[in-house]
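Everything on this sheet refers to the single structure shown next.
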Amino acid sequence: MSKILVIDDDVDMCLLLKRFLTKNGYEVTLAHNGKKALEELENGEPNLVLCDFRLEDIDGKEMLIKIKERYPRTPVIIVTGYSDIKVAVDVMKLGAYDYVTKPLFPDEILLSIKSALQKSATKQENVATVIMPEDDSKNSTKSKTITSGQYIFSDSPEFKNILKQIDLVSPTNYSILIYGESGSGKEAIAQEIHKRSKRKDMPFVAIDCGALSKELAGSELFGHEKGSFTGALNQKIGNFEIANGGTIFLDEVANLSYDVQVALLRVVQERKMRRIGGNKDIDLDVRIIIASNERLLDSAKKGKFREDLYHRFNEFSIEVPPLRERKYDIMIFAKHFLKLTNDELAKNIKGFSPEVEAIFKTYVWPGNLRELKNVVKRATLLCDTDYIMPTVLPFEITNFTKLQFGETLEEASSNVQTRQAEPVSAPTTSYSPPVIPEPVFTKQLEINEHSLKGASIDAEYEMIVEALRKANYNKSKAAKILNVDRKTLYNKMKQYKQFNSDL
């Protein structure tokens, strides 16, 4: 259950919020002044802080600074009875997640809270670190921190290319389209572009378009005037207005409804917008960076995304390769996440066993960096030796290859001899990583190994494996690549299911 600290000198408002948030499944602590709030913060880190801007004993900005000094990762939503764009920009620059005005509209405040908690729990931290490759001769790793963050730009060729593109496009005002699978670090790249741009001292506002409801998306992006729709009890400043002068990042932009896309097209074309229900144009000077895990041009051809909007956005594009295509990066990220988790859990796990490194490099990581981080955190929590061993990894990762070739989780589990991890003082180097073995069908099918039929079977096996890899081990997609139906693919995989005892 997420813990929320509500700071407001209005006792009635505090009680109202506590009743409402408790009903929605949150654990709520109240503080009626800044002093009490600081005492509550000393007792432990909340998952989110809802703070009134005008307190009796402390200014809202000062309170925000103190919260961020203690818990920089905790999202803070500022609440005020005054709609002031300057105040909104100031608190967003100081690190507030959102800025809302009283009276509070329940659906809006709940959406903001859910979005903040979801982002805090699942998004990559807005960080950028460059880690140089290991020098085997000295057995050491050199690293250089770029500034804020925990996201890693390694020295692999893929990320060298991305860093070159960031350097090239950051000083411009181009709109940028970032393609990448979920969890691959698109927002961190957008942050790095903003940090290297001329707008670095202005707000950076990130919006997860997938988390916006169809009804409130327009209000969140463009704001609304009091009385513009049922429940609009006060004027609301939208995220484009808050980001004015800076950068706005729209993640998973393809999720926006057609009506919102129309309004967005005007913003991109004319750099003007109107709040919902308003009759006055607001000039905008904002850089737009968007991200998507699907090809927007393909979405446009299917009628899901406006093609004219796509062309407006696509002034420059960056491709973020999935983790499975960056084998070099996997252990760099894993070691980095291990260091962070060691600090969080006050543990001193020294590293990963060779077996685990081999498993990590073999696995395809469909959840990319987010999945890797979660696996490392889980393994670190369970580990009671100096090095993380395979026994503390999820079963579906250690037996990934078997599960892909038709074997169920239950079948794979029954074929694995469980063994206890023995404490080790240091990893050895004699381990050979498991690989998908070459097909050996000649004995099973009783054909000569040099026959044409044997060669065709081997080639067919390789085609299936390659299609599975390209489809991220999604069997339906692999079947389409191979131009066969799913049933045919399943039968072939079952027929070719042969593995080493190590797998």
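The values are calculated or read from the model by the stated rules, or taken from the named source; none is laboratory data. Quantities reported herein were computed from a predicted structural model and do not represent experimental measurements. Cβ sites come from the backbone with ideal geometry, for glycine too, and all protein chains shown count toward neighbours.
Things worth noting here:
- Residues located in the stretch 249-264, provided they are in a loop (DSSP other than H, G, I, E, B), out of contact with any Ser or Thr (no Cβ under 9 Å at 6 or more places or on another chain) and crowded, with 17+ Cβ neighbours inside 10 Å: Leu256
- Meets criteria (outside the structural domain of Ile78 (by TED's automatic domain parsing), buried (at least 18 other Cβ atoms within 10 Å of the Cβ), in contact (Cβ under 8 Å) with a residue 24 or more places away in the chain and of a type outside the set (Ser, Thr, Tyr)) for Gly246: yes
- Selection status of Gly278, outside the structural domain of Leu381 (by TED's automatic domain parsing), farther than 29 Å from Arg199 by Cα and part of a loop (DSSP other than H, G, I, E, B): no
- Given (1) in the same structural domain as Gln165 (by TED's automatic domain parsing); (2) within 23 Å of Phe159 (Cα to Cα); (3) surrounded by fewer than 16 Cβ atoms within 10 Å (Cβ to Cβ), index of the condition Gly303 fails: (2)
- Sole exception among (1) surrounded by 15 or more Cβ atoms within 10 Å (Cβ to Cβ); (2) in the same structural domain as Lys198 (by TED's automatic domain parsing); (3) over 30 Å from Lys93 (Cα atoms) for Tyr310, by number: (3)
- One residue stands out in the stretch 8-45 among those that are touching an Asp or Glu at 6+ places or on another chain (Cβ under 6 Å) and in contact (Cβ under 8 Å) with a residue 40 or more places away in the chain: the one that is nearest to Lys102 (Cα to Cα), namely Asp8.
- Boolean, Val267 is in the same structural domain as Ser175 (by TED's automatic domain parsing), in contact (Cβ under 8 Å) with a residue 60 or more places away in the chain and either assigned to a loop (DSSP other than H, G, I, E, B) or within 21 Å of Leu284 (Cβ to Cβ) (or both): no
- Enumeration of residues in the stretch 219-237 that are buried (at least 23 other Cβ atoms within 10 Å of the Cβ) and either among the small types (Gly, Ala, Ser) or within 20 Å of the chain's Cα centre (by Cα) (or both): Ser219, Gly223
Listed here are the residues, each with its yes/no results for (1) of a type in the set (Lys, Arg); (2) closer than 18 Å to Asn399 by Cα; (3) surrounded by 14 or more Cβ atoms within 10 Å (Cβ to Cβ); (4) touching a His at 6+ places or on another chain (Cβ under 7 Å).
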position: Ile318; (1), (2), (3), (4): no, no, yes, no
position: Arg326; (1), (2), (3), (4): yes, no, yes, no
position: Ile332; (1), (2), (3), (4): no, no, yes, no
position: Asn342; (1), (2), (3), (4): no, no, yes, no
position: Pro354; (1), (2), (3), (4): no, yes, yes, no
position: Pro366; (1), (2), (3), (4): no, yes, yes, no
position: Ala379; (1), (2), (3), (4): no, yes, yes, no
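- Among the residues of the stretch 36-54, those that are in a loop (DSSP other than H, G, I, E, B) and in contact with a strand residue (DSSP E or B) (Cβ under 7 Å, 6 or more places away or on another chain) comprise Pro46, Asn47, Phe53.
- Count - residues of the stretch 189-226 that are of a type in the set (Gly, Ala, Ser), in a helix (DSSP H, G or I) and farther than 19 Å from Asn314 by Cα: 5
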